[in-house]
Amino acid sequence: MALLLPTIQWLRQSSKKVGDLRNIREVGQGLLAWIQEANQGKFPYAYVNRTASSYPAGFDVGTLPQNYTYWAGAVYHGGYVSDVERFFSPLQKEPYWRDPAFSKALKTNASAWQWAMVGYGASGILMPYSSDVRGVPTRSLRSLEGGAEIILLADGAPPAAQSSNGKYDGFHAVRPRRNTYPLAVRLKGKVTALFVDGHAQVLSPQELGWDEEQNQWSSTVDDTRPPWNKM
């Protein structure tokens, strides 16, 4: 019986990884539809920071998008993904989104999504925090070539300062090097990613430039080229 336990555990994790792939695909396709139909074809910011002190002097925060604050909340409340749970990985450590009160808040209040710690981080290159890029507008989906090579979403983890002592392992964005937001490797050697053309894959952390042993971005990762960008 003892010999069967690792096999059973592996099967359970593998089943959850299949669910992870399903979730990221559904969320990504909802996000792409929202971009085209509700956001004038432009990538959203992962998060719209409306605090004036986060921008250069004279910047008018009133010019920031008014139709959303958090990308995941915008997609859900826009009706492009029908199930709150799709935004979370079955492999996340803390199933806190299953709490009825919190789930209700996500369904009824778009601002509640700032606490959601969604499982899939948006590419911080295509969808940065507005304050990270000082309010510079995002690119349009149409202007981006090679969508089948470029990541839009991936398993995300919070920066160390926002990790709640390691309890949570979801975040609104991922980005190598500059404006660093980590990847979440929830199943050893495997990361789920969705590309701009809408297809999803399970990749190795190394393929994404993540050092799994050191739990940080590799010093050699190039975030100006695929799979993160295309110059």
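Rule-based calculations on the coordinates, nothing more; no lab input. Source: prediction; values computed, not measured. Counting neighbours? That spans all protein chains shown, and the Cβs are built from the backbone with ideal geometry, glycine included.
List of remarks:
- Rounded D (µm²/s) - segment 51-175, Kirkwood Rh over Cα pairs, Stokes-Einstein at 37 °C, 0.692 mPa s: 207 µm²/s
- Residue pairs exceeding 25 angstrom between C-alpha atoms, taken from K17/K230; K17/K42; K93/K188; K107/K230: K17/K230; K17/K42; K107/K230.
- Simple spin-label estimate for T51 and Q216 gives 2.5 nm between the two label positions (7 Å along the Cα-to-Cβ direction from each Cα).
- Reachable aspartates and glutamates from K190, criterion Cα separation under 16 angstrom, eight or more residues apart if same chain: D20, D155, D169, E207, D211, E212, E213
- Protection proxy ranking, peptides 25-31, 205-211, average beta carbon neighbours within 10 Å, highest first: 25-31, 205-211
- Approximate spin-label separation Q66-T180, in nm, with each point projected 7 Å along Cα-to-Cβ: 3.9 nm
- Over the chain: helical MRE at 222 nm, DSSP H runs n ≥ 4 each giving -39500 (n - 2.57), nearest 500: -7500 deg cm²/dmol
- Taken over segment 134-231, the convex hull of the Cα atoms encloses 113 Å³ per residue.
- Considering every alpha-carbon pair of the chain, the percent of pairs per 5 Å bin, from zero through the bin containing the longest distance, is 1, 7, 14, 19, 20, 17, 12, 5, 2, 1, 1, 0, 0, 0.
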